[in-house]
Protein chains: 6
Amino acid sequence: MNSTAKTHQISRFPVPELKDLPADIRDRIVAVQQKSGFVPNVFLTLAHRADEFRAFFAYHDALMEKEGGLTKAEREMIVVATSGANQCHYCVVAHGAILRIRAKDPLVADQVAINYRKADITPRQKAMLDFALKVATDSLGIADADFDALRAHGFSDEDTWDIGAIAAFFALSNRMANMTAMRPNEEFYLLGRVPKS
Amino acid sequence: MNSTAKTHQISRFPVPELKDLPADIRDRIVAVQQKSGFVPNVFLTLAHRADEFRAFFAYHDALMEKEGGLTKAEREMIVVATSGANQCHYCVVAHGAILRIRAKDPLVADQVAINYRKADITPRQKAMLDFALKVATDSLGIADADFDALRAHGFSDEDTWDIGAIAAFFALSNRMANMTAMRPNEEFYLLGRVPKS
Amino acid sequence: MNSTAKTHQISRFPVPELKDLPADIRDRIVAVQQKSGFVPNVFLTLAHRADEFRAFFAYHDALMEKEGGLTKAEREMIVVATSGANQCHYCVVAHGAILRIRAKDPLVADQVAINYRKADITPRQKAMLDFALKVATDSLGIADADFDALRAHGFSDEDTWDIGAIAAFFALSNRMANMTAMRPNEEFYLLGRVPKS
Amino acid sequence: MNSTAKTHQISRFPVPELKDLPADIRDRIVAVQQKSGFVPNVFLTLAHRADEFRAFFAYHDALMEKEGGLTKAEREMIVVATSGANQCHYCVVAHGAILRIRAKDPLVADQVAINYRKADITPRQKAMLDFALKVATDSLGIADADFDALRAHGFSDEDTWDIGAIAAFFALSNRMANMTAMRPNEEFYLLGRVPKS
Amino acid sequence: MNSTAKTHQISRFPVPELKDLPADIRDRIVAVQQKSGFVPNVFLTLAHRADEFRAFFAYHDALMEKEGGLTKAEREMIVVATSGANQCHYCVVAHGAILRIRAKDPLVADQVAINYRKADITPRQKAMLDFALKVATDSLGIADADFDALRAHGFSDEDTWDIGAIAAFFALSNRMANMTAMRPNEEFYLLGRVPKS
Amino acid sequence: MNSTAKTHQISRFPVPELKDLPADIRDRIVAVQQKSGFVPNVFLTLAHRADEFRAFFAYHDALMEKEGGLTKAEREMIVVATSGANQCHYCVVAHGAILRIRAKDPLVADQVAINYRKADITPRQKAMLDFALKVATDSLGIADADFDALRAHGFSDEDTWDIGAIAAFFALSNRMANMTAMRPNEEFYLLGRVPKS
């Protein structure tokens, strides 16, 4: 069925060759490739616009690589849960893989993508995802009570900003992936599926 | 995160012991176990009610095991696509595994569950899933034109009944799984992930 | 306006002749005809597929004919309320008639079909229909609190299974009726309209 | 179940006594009673506010009693179809009765209330109801093409105003009935059920 | 962009000349023109149907010009908030102007039209708009608890009728404006924008 | 009503003092103040997080300040229309002001915010907003046909990326504004209201 998968296009828009890219963008892509063993298609798709690429990944790193009250696995949970609600194929598959690796758990990504309320996560994490989903799908309805609900689980208001800002950033990211018909690399589907023993 | 997963309960309702079941139900469960290496939790959950168990699997087999214009992989595609739309965790995980195995394709189940319109499947299969999703989520709106659309792809009206009836049966199945909080076996997550080489 | 109603077709699919049916199916249909004075079109429509017919009515009888904490009128209320929410014309008209007869009440079926919250039924029955409607339209959202709400009205968990399973079964039934464009018999519209005096 | 129905209240608000009403309002109510044999509860409920009563029925009569390209039965069809979509119990039951009488058809009201697309009415009447439902539920989306669709069925633009204005007026009426919890008289349920022979 | 705005048509339907109108309607329009300095297009659009015009404005005046527990500015808030939810361009622009003038506040109309929950209004006014929006968009769901919520803010049940009836009347008005593609006069956009100093 | 407006808080989160900000951020804010006469609250609200501030405005400028097939007024139209659909109060009020100024049109912002399909804009601009709204609210549904529709109006695929990327960026921006309860400056309400004569 997917025998010709390698010929599927990565994006509806032109994808630049590495050699034609500005040095800073090429360097980042090479670094990712060396670490992961492949270049996730989001880098190639967004490299079509150099300034937007730079802003996108600066924003991404400011939210996903920082220290704070959320673990990196929890940040990925937010991405997977909101992308599942937005039915963003690229983000669910790619960040599902990252979540499996960061949580060292082969099940949690599929659980969170389909229905986080039934996932094997803590009540604190469910409260975190309740807020993230509200930002993603009903930000108009956010009220002071939603902040209180997070405080009751020990989240600081800075943590709440993180949760909301990650959900907001992936509202952008999901829409770019859907508009460009960004295709997830096949490598993502299997990553982290086998639990570390 | 899931270190205690084995102690999660399978169902909100009592789950019978194999030895307490009527012989025909026990025989069916033992046969599945011998073939698959484990007992899918749907069998144990529904065995709580013997008469409903018998009717459920008789219906299931009449739709999923028959010959006809749809392959067995295509029948599973219908299950995965409609269960994804209904956010039924059990059905997406369990039938996603069966779809990977029957299609000999490690990617297609995740693609169909999240957004079948972007999946690596044929236009004929997308038309099949358009109809299945309409039965699942807007059966009121089904019109003669929907039958014509399937005929244009070479489906007979008997095939159309199959597509619609599978979608209708899993409308029932999804609701039972959600009501009972049926938990997918961990074995399903990994089945069929590695392509046959 | 309906002067030619008798020539309307019963189903989008072929309807078999009684004489061509397997004996067990023909016997069931004849028995219904002798009891009711006519053959409800659901029997003729589904007889197009013998194995599915047998499974459908086995399932139906397991849920609707059993003893338990729900009266037969209450089981029909669940059918009418969920079918109204799904806008299933056949089920509202046919089961509305059965409900009027079983409840000996000429008003309740129309009330429940349009808006059960305003119907002349007990608070316990409204709680039962709240759960049934949640299974029908938002089964993903079912939580332990929904079971508690029913326990507070004296329902056992076995009763709750019954309520949910009836709603789930008619999720299937409504979709089959809509897909086949099943036409209600004219007899149903008037049955049970006049209160027993 | 409805043995105590007569004691149900008609409205959430006070219902005036006939003798306390202004003469013009009392005269209208008495005239209706003499013609119908009972006083529909909408008259008693709205009589709580004399000026609004007068404006409501002046508007109603301007739309429902006029001559034009629509028959009186067709005007009632619009009321029943849009009130069904709005789940307005009073309007479906009361105007369903009027529709059965005006159309001399015991089936059409239930068909139109549940799903007019499957009703035994003409394609021209379905086009009329398509427009009425769009005014009722998506008036923002009305475009010139909707007027063309009606012209193609022989409706003049004045007929189109009638269709839209009736749908708009019952958008008001449905909301008043729901706000006041207006209860339909039991007489309505049976009126027009038996075809004239 | 709007250089030709004056040639845009006011309504999809014919707009009568003042001289051709019945005297009572012409008198009303002339009075409005003398007071406001221009004729709001709703008068010209609805004058196409004299009887409906009379009923419409009799209803309007009964609700908007009366004494009672709501100020005139509050009545306009209800119109602006519900018309915003219905995306009725004419009503938001025209009644937004009236609200700015009556409230002597250049900001409140835009705030209420976009999202009244974030507007600079009192908790009592937000409770009033909660009820109005429920009548406008979910009148089926109105329950006794909604009346209690208003009583807790000091509204009498007569005030509640006013709130609900205004929301219901503009459900009609919004639909007429959308059906006729009624165009707001340009004068409305600027009225009341500069606070009285 | 807004006599105390100046004391309303700008954001749910702490707002830094200018003097405490990194030099590059302070410089940008001072430059805006000198050009506009006031500091839009989005600058103060987002300055709570310096790295996110830098990425946000780098992204903003890459999309809104570039040359290309869209005028600056058209880019603002996209912001106003999608923010209206998301009911983002800050973005509608602030970017509505910018749109009035850039389009030299006092009416267009209110028209586009409430219902762009009825606005005094060109068919090409309506096609642009159709695509932008689809990215904002249904990005999953974007198909090749949507690109064709824009090509038919003379948009290049690079223009289409611009339209979609602006809509995606304000999906992020709207959610940040709603999460922080960002308050629009009062100056925005009046800007550009009086046409240049």
F:His153, sole failed condition from (1) under 25 Å from E:Lys118 (Cα atoms); (2) more than 12 Å from chain A (Cβ to nearest Cβ); (3) open to solvent by 10 Å² or more (accessible area, probe 1.4 Å): (1)
One residue from E:Glu52, E:Glu17, E:Glu67 being within 14 Å of chain D (Cβ to nearest Cβ), of a type outside the set (Phe, Trp, Tyr) and surrounded by fewer than 19 Cβ atoms within 10 Å (Cβ to Cβ): E:Glu67
Leading residue by the ranking (nearest to the chain's Cα centre (by Cα)) among those in the range A:44-56 that are farther than 14 Å from A:Asp20 by Cβ and not β-branched (Val, Ile, Thr): A:Phe56
Candidates B:Ile78, B:Ile29 - the one that is more than 14 Å from chain C (Cβ to nearest Cβ), at pLDDT 95 or above and under 18 Å from the mean Cα position of the chain (by Cα): B:Ile29
Matching residues in the range A:112-129 - criterion: being over 16 Å from B:Ala85 (Cα atoms) and within 17 Å of the chain's Cα centre (by Cα): A:Gln125, A:Met128, A:Leu129
Criterion violated by D:Ala97 - all others in (1) closer than 19 Å to D:Met64 by Cα; (2) more than 12 Å from chain E (Cβ to nearest Cβ); (3) open to solvent by 10 Å² or more (accessible area, probe 1.4 Å) satisfied: (3)
Single condition C:Met182 does not satisfy, out of (1) more than 16 Å from the chain's Cα centre (by Cα); (2) more than 9 Å from every other protein chain (Cβ to nearest Cβ): (1)
Pair list, Cβ < 9 Å and 6+ apart or interchain, from the range B:136-150 residues that are of a type in the set (D, E, K, R) to residues that are open to solvent by 70 Å² or more (accessible area, probe 1.4 Å): B:Asp146/B:Asp130
Residue check for D:Asp162: charged (D, E, K, R), outside any loop (DSSP other than H, G, I, E, B), at pLDDT 95 or above and crowded, with 20+ Cβ neighbours inside 10 Å: yes
Meets criteria (in a helix (DSSP H, G or I) and touching a residue at least 60 places away in the same chain (Cβ under 8 Å)) for E:Ala109: yes
Conditions (1) surrounded by 24 or more Cβ atoms within 10 Å (Cβ to Cβ); (2) assigned to a helix (DSSP H, G or I); (3) hydrophobic (A, V, I, L, M, F, W, C): number failed by D:Met182: (2)
Among the candidates F:Ala62, F:Ala85, F:Ala73, residue that is over 25 Å from E:Asp110 (Cβ atoms) and surrounded by fewer than 22 Cβ atoms within 10 Å (Cβ to Cβ): F:Ala62
Filter result for A:Ala177 (modelled with pLDDT of 95 or more, within 13 Å of the chain's Cα centre (by Cα), at the interface with chain F (Cβ under 9 Å from one of its Cβ atoms) and closer than 23 Å to F:Glu52 by Cα): yes
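Only residues that are under 26 Å from D:Val108 (Cα atoms) and either open to solvent by less than 60 Å² (accessible area, probe 1.4 Å) or within 14 Å of chain E (Cβ to nearest Cβ) (or both): list them for the range D:37-49, please. Before you say what the answer is, go through the steps one by one.
Applying the first criterion (under 26 Å from D:Val108 (Cα atoms)) to the range D:37-49 yields D:37-43.
Matches in the range D:37-49: D:Phe38, D:Val39, D:Pro40, D:Asn41, D:Val42, D:Phe43.
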Test: F:Lys134 is part of a helix (DSSP H, G or I) and away from every other protein chain (no Cβ under 11 Å): no
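Only residues that are open to solvent by 20 Å² or more (accessible area, probe 1.4 Å) and within 18 Å of E:Ala94 (Cα to Cα): list them for the range F:100-116, please. Write out each step before concluding.
First, pick out the residues of the range F:100-116 that are open to solvent by 20 Å² or more (accessible area, probe 1.4 Å): F:101-102, F:104, F:110, F:113-114.
Scanning the range F:100-116 gives F:Asp110, F:Ala113, F:Ile114.
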Criterion: buried (at least 24 other Cβ atoms within 10 Å of the Cβ), within 11 Å of chain F (Cβ to nearest Cβ) and over 25 Å from C:Asp138 (Cα atoms) - qualifying residue of A:Phe147, A:Phe169: A:Phe169
Condition broken by E:His89, with the remaining ones in (1) closer than 30 Å to A:Ala145 by Cα; (2) facing chain F (nearest Cβ under 10 Å); (3) not hydroxyl-bearing (Ser, Thr, Tyr) satisfied: (1)
Cβ-Cβ under 9 Å pairs, at least 6 apart or on other chains, the range A:21-34 side more than 14 Å from A:Glu52 (Cβ to Cβ), far side exposed (fewer than 11 other Cβ atoms within 10 Å of the Cβ): A:Arg26/A:Lys19; A:Arg26/A:Asp20
Of residues in the range E:118-133 being open to solvent by 10 Å² or more (accessible area, probe 1.4 Å) and without any contact (Cβ under 8 Å) to a residue 24 or more places away in the chain, the one nearest to F:Ala177 (Cα to Cα): E:Lys118
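The values are calculated or read from the model by the stated rules, or taken from the named source; none is laboratory data. What you see is a predicted model; the values in this text were computed from it and never measured. All Cβ positions, even for glycine, are placed from backbone atoms using ideal geometry, and neighbour counts span all protein chains on display. What goes into the accessible areas is simple: the full protein's heavy atoms, side chains included, and nothing from ligands, DNA or RNA. Shrake-Rupley method; radii C 1.70, N 1.55, O 1.52, S 1.80 Å.
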